[in-house]
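K.L.:
Got a structure for you, questions after.
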Amino acid sequence: MSFLPSKASTALSESCQETSNQKSRTDCIKSESPSEDENFTDDVVGLVQKEIGGDLKSLKKVSGLLEKLTLENKQLEEQVLTVSSSVPLRVSAALSTAEESRVKLESLLEKERVLSNTLQQHLQGAQVWADSIGQVLGQLDTLERHMKYLQCLARIEELSDSIQQYLMTNSMWDAVGAIDRMASLDMGLRESGCSHLQAFLRETHRFWHKILKDKLASDFEEVLTQFHWPFISPPTQTLSPPANAQELNSQLELLVSQLLSLQTSDDLISEKKEILSRPGQSQTPPLSLPIQIMLLPLSKRFRYHFTGNRQTNNLSKPEWYLTQILIWMGNSSNFMEEKIQPILDRARAKVNARVELCRGLLTLAQEKLAHDAPRLLYDDALFCHLVDEVLQFEKELRSTHSYPRAYPGILHILLDKTAFQKWLSVERKMAVEKVDTMLTAEGAWSSQYKDITDMDELKAPDCAETFMTLLLVITERYRSLPCPRAQLSFLALQKELVDDFRIRLTQVMKEESRQPLSPRYCAILNAANYISTVLSDWGDNVFFLQLQQAAVSVGEEILGPLGATETGRLASLEESLFEALLALLERLRGDMLGRLLDAVMRDVKEKAQPYCKDRWISLPSQSDQATMSLSSSACPMMLCLRDHLLQLQQMLCLPLFQMFWQGLAERLDNFIYEDLILYNHFNEGGVAQLQYDMTRNLFPLFGHYCKRPENFFKHVKEACIILTLKVGPALLLCDVLKQSEEDEGILNHQQPSPESALNELGVYKLAPSDVQILLNLRSAWLKQ
């Protein structure tokens, strides 16, 4: 800096000195380390360099920078002095406030001690009065409870006397009202701990209820008798109505209304009885009182005929008592709808008279079935007969008599654990026996519709169709079961039977695998395809979709553990319940189709050997021949193909035959391309003959099954395109392919890609390297 003017040097020295003084004061306050001094010096030098730099014209800023730093230094000193002077004042004020708070706290504590002592003295003095008042209140409470107890007794006696008086004066409506009030009192005392009072009230209630109910029931039965109830045989319309029909109708309505008013009391007494609950049985309300009375004569007749040592009580004839129940339902239907239902409607009773009578009659059938079923567990024939009759009864009950599905029939009796396991084992045993019979039958592997074209699309053999009919019958048997768990158990049985049948098909297939072109082998393939098709249709059926949703929640207990993925797919309906079976059947079908194609291709390759070894390089040109004709060496191969296609079209169902001929076309395409075209060299005549054989003979063989058979022989078709090119286009194509090899890795937009050049010729399947091999097979081009 010696080249600076003297005044500028002086100003700069003063600025640096002032900055150093400021740094020294700051060092005293903060007690910074020597390393921090060095950093501060660097900061000062950086500041001077930033504000002044190396420009001489910037020296005029020195004085301004000095004033600015001096002002900032002064402000910092004032702030330090202000803080230093204000801190003692704040500390003093805080101490004074804390002292005042301490004094107030001590005063409050003193007041609290005085008040606590006073309160303790007051409580001790009042405790004597409190004990005395507590004793009085306890006595009053005891007296009040005694009074209420006596009031209840008086109320019970009052109601009892009233009912007695009403019965003596034949005031039935008043008696019914009193009984109803007594029932309300009984329900009000349910939570009471007075057991003796409750017992007395219930006994009194039951006593008067029985008397009143017996009197009304007696009058009701007399009126019903005049209506010829019960209808043991179908009611005749020829009988003229009685002369007092209007009076009978009035009495009937009066008695039904009174019995309905007694319903609450009857329900209260009935609910004390123990109710047996069975699997699948939903809780249903008790029968209405008029219907209970109407059922009494029918119940007597039922027990007379179907219990004890009567000849009609025959374990081998469950249809006798089940049919009798249905007959009584049918005979009584009109009377219930025409006579009883209008009375119930006017009484605003939400009851269906016909359904109520069916419920009552079903109770008789349920008791009888529950008694007989365990006695038939060790006789398969009788148990099967019982199941058939119960299923038929349930079907007629729901359809003919329109019994609501919300109410249980009698089918749930068979869902008892022991009976249900027996049912499943018998179903399995019978199904296996039928499968054995159908597989060993004489016409097991022939279709019963083989002479009817419209009905034989799937060409299913008789054994497969009979087996699926068996599964369908099992489905219909368990479709009406009220419990999803039971339905899933039957579904598991069906899946087990399908898998067993698949294994049997596999065993028979292995026996026939030495002759895969035999009718029996094709029948086995049709059977696997038929079962797979039917199971796929069942997977979209509403019933099985509902079972699928049930399987997501409870299926693991019956169908075995389901993985998270499988459960998710079942829940989202991405898969069906038969997915695993369909996969196994698909594997069997694919294996059998593969064996069939292998057998046909072995025969075709054997017949094609002379054709593949023709001297394609020395055949006469097309111009030297009058007309083109099929190569004589190709005739055995073409005849073999034609015969196999016609034979298998007759033996395989349409979906399987389509899969077969498409697979055959693919294998034949590869065979001709690899074993004939790539194996030989061709002259112009050889190429023309090959193209004629393919386009005019081979492709038309498959033209019966599709519109454009050449699309299934892409290798052969495109090879013919390349081999039939003229010399000029062939040489140009060779140049393009060679150029693309030389320019590999170099982007050239002007040169067309080999793929685009091949696409212009109609070649899409073959790769450029394959095309180069084909171009080398032409003898004329090899000389170029």
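The values are calculated or read from the model by the stated rules, or taken from the named source; none is laboratory data. What you are looking at is a predicted structure, and each value in this text was computed from that prediction instead of being measured. We place every Cβ from the backbone using ideal geometry, glycine too, and count neighbours over all the protein chains shown. The accessibility values were calculated without ligands, DNA or RNA, using every heavy atom of the protein model including side chains. Shrake-Rupley method; radii C 1.70, N 1.55, O 1.52, S 1.80 Å.
K.L.:
Just checking, how many residues over the stretch 264-286 are modelled with pLDDT of 75 or more and open to solvent by 30 Å² or more (accessible area, probe 1.4 Å)?
P.N.:
The qualifying residues number 5.
K.L.:
I need the full set of residues from the stretch 578-596 which are open to solvent by less than 40 Å² (accessible area, probe 1.4 Å), under 19 Å from Gln548 (Cβ atoms) and either charged (D, E, K, R) or not in a helix (DSSP H, G or I) (or both), in order please.
P.N.:
Phe578
K.L.:
Cβ-Cβ under 9 Å, sequence separation 6+ or interchain: first residue in the stretch 315-327 and under 15 Å from Pro234 (Cβ atoms), partner open to solvent by 40 Å² or more (accessible area, probe 1.4 Å) and assigned to a helix (DSSP H, G or I). Which pairs?
P.N.:
These pairs meet every condition: Thr323/Glu389; Gln324/Arg301; Gln324/His305; Leu326/Glu396.
K.L.:
Would you confirm whether or not the stretch 704-714 contains a residue that is in contact (Cβ under 8 Å) with a residue 24 or more places away in the chain and within 18 Å of Asn759 (Cβ to Cβ)?
P.N.:
yes
K.L.:
For Leu362, all conditions in the list (1) surrounded by 19 or more Cβ atoms within 10 Å (Cβ to Cβ); (2) over 20 Å from Glu389 (Cα atoms) hold save one; what is the number of the exception?
P.N.:
Of (1) surrounded by 19 or more Cβ atoms within 10 Å (Cβ to Cβ); (2) over 20 Å from Glu389 (Cα atoms), only one is false for Leu362: (2).
K.L.:
It is to be established whether one or more residues within the stretch 123-142 are closer than 30 Å to Ile211 by Cα and open to solvent by less than 50 Å² (accessible area, probe 1.4 Å).
P.N.:
No, the conditions are met nowhere in the stretch 123-142.
K.L.:
Yes or no: Ala243 modelled with pLDDT of 90 or more, over 15 Å from Lys339 (Cβ atoms) and small (Gly, Ala, Ser)?
P.N.:
So Ala243 does not fit the description; no.
K.L.:
Still on this model: Of all the residues that make up the stretch 505-541, how many are of a type outside the set (Asp, Glu), under 31 Å from the mean Cα position of the chain (by Cα) and either outside any helix (DSSP H, G or I) or surrounded by fewer than 16 Cβ atoms within 10 Å (Cβ to Cβ) (or both)?
P.N.:
Within the stretch 505-541, residues that are of a type outside the set (Asp, Glu), under 31 Å from the mean Cα position of the chain (by Cα) and either outside any helix (DSSP H, G or I) or surrounded by fewer than 16 Cβ atoms within 10 Å (Cβ to Cβ) (or both) number 2.
K.L.:
Still on this structure, I have one more. What is the one condition in (1) touching a residue at least 60 places away in the same chain (Cβ under 8 Å); (2) in contact with a Cys (Cβ under 9 Å, 6 or more places away or on another chain); (3) closer than 19 Å to Val604 by Cβ that Leu698 does not satisfy?
P.N.:
Status for Leu698: all satisfied but (2).
K.L.:
Let me ask something else. Just to verify a result, which residue in the stretch 602-628, among those that are out of contact with any helix residue (DSSP H, G or I) (no Cβ under 7 Å at 6 or more places or on another chain) and modelled with pLDDT of 90 or more, is farthest from Thr724 (Cα to Cα)?
P.N.:
Within the stretch 602-628, the match that is farthest from Thr724 (Cα to Cα) is Arg602.
K.L.:
Something else: Does the stretch 327-338 hold any residues that are open to solvent by 30 Å² or more (accessible area, probe 1.4 Å) and touching a helix residue (DSSP H, G or I) at 6+ places or on another chain (Cβ under 7 Å), and which are they?
P.N.:
Correct list: Glu337 only.
K.L.:
Residues of the stretch 572-621 being under 54 Å from the mean Cα position of the chain (by Cα), acidic (Asp, Glu) and closer than 30 Å to Gly685 by Cβ, which ones?
P.N.:
Asp603, Glu606
K.L.:
Confirm whether Glu465 is at pLDDT below 95, of a type in the set (D, E, K, R) and closer than 23 Å to Ala550 by Cα.
P.N.:
No: the conditions fail for Glu465.
K.L.:
Checking the condition part of a helix (DSSP H, G or I), within 30 Å of Leu326 (Cβ to Cβ) and in contact (Cβ under 8 Å) with a residue 60 or more places away in the chain, which residue from Val176, Val256 passes?
P.N.:
Of Val176, Val256, the one residue that is part of a helix (DSSP H, G or I), within 30 Å of Leu326 (Cβ to Cβ) and in contact (Cβ under 8 Å) with a residue 60 or more places away in the chain is Val256.
K.L.:
Looking at (1) at pLDDT below 90; (2) part of a helix (DSSP H, G or I); (3) over 53 Å from the mean Cα position of the chain (by Cα), can you tell me which one Asp214 breaks?
P.N.:
The number of the failed condition is (1).
K.L.:
Hey, another quick one. Those residues that are more than 18 Å from Tyr378 (Cα to Cα), in a helix (DSSP H, G or I) and under 27 Å from the mean Cα position of the chain (by Cα), I need them from the stretch 390-443; list them, please.
P.N.:
Matches in the stretch 390-443: Leu411, His412.
K.L.:
Might you check whether a residue that is basic (Lys, Arg), assigned to a helix (DSSP H, G or I) and either touching an Asp or Glu at 6+ places or on another chain (Cβ under 9 Å) or over 21 Å from Thr284 (Cβ atoms) (or both) occurs anywhere in the stretch 337-345?
P.N.:
Among the residues of the stretch 337-345, at least one is basic (Lys, Arg), assigned to a helix (DSSP H, G or I) and either touching an Asp or Glu at 6+ places or on another chain (Cβ under 9 Å) or over 21 Å from Thr284 (Cβ atoms) (or both), which makes the answer yes.
For (1) at pLDDT 95 or above; (2) of a type in the set (Ser, Thr, Tyr); (3) buried (at least 18 other Cβ atoms within 10 Å of the Cβ), each residue gets a yes or a no:
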{"site": "Arg346", "(1), (2), (3)": "no, no, no"}
{"site": "Lys350", "(1), (2), (3)": "no, no, no"}
{"site": "Ala353", "(1), (2), (3)": "no, no, yes"}
{"site": "Arg375", "(1), (2), (3)": "no, no, no"}
{"site": "Tyr378", "(1), (2), (3)": "no, yes, no"}
{"site": "Thr400", "(1), (2), (3)": "no, yes, no"}
{"site": "Ala406", "(1), (2), (3)": "no, no, no"}
{"site": "His412", "(1), (2), (3)": "no, no, yes"}
{"site": "Lys417", "(1), (2), (3)": "no, no, no"}
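K.L.:
Do any helices (runs of 4 or more DSSP H) lying entirely in the stretch 684-784 carry at least 1 residues that are under 60 Å from the mean Cα position of the chain (by Cα) and at pLDDT below 90, and which ones are they?
P.N.:
727-742, 754-760, 768-775
K.L.:
When you scan the stretch 143-156, how many residues do you find that are open to solvent by 90 Å² or more (accessible area, probe 1.4 Å), closer than 18 Å to Arg181 by Cβ and not basic (Lys, Arg)?
P.N.:
Looking only at that region, the number is 1.
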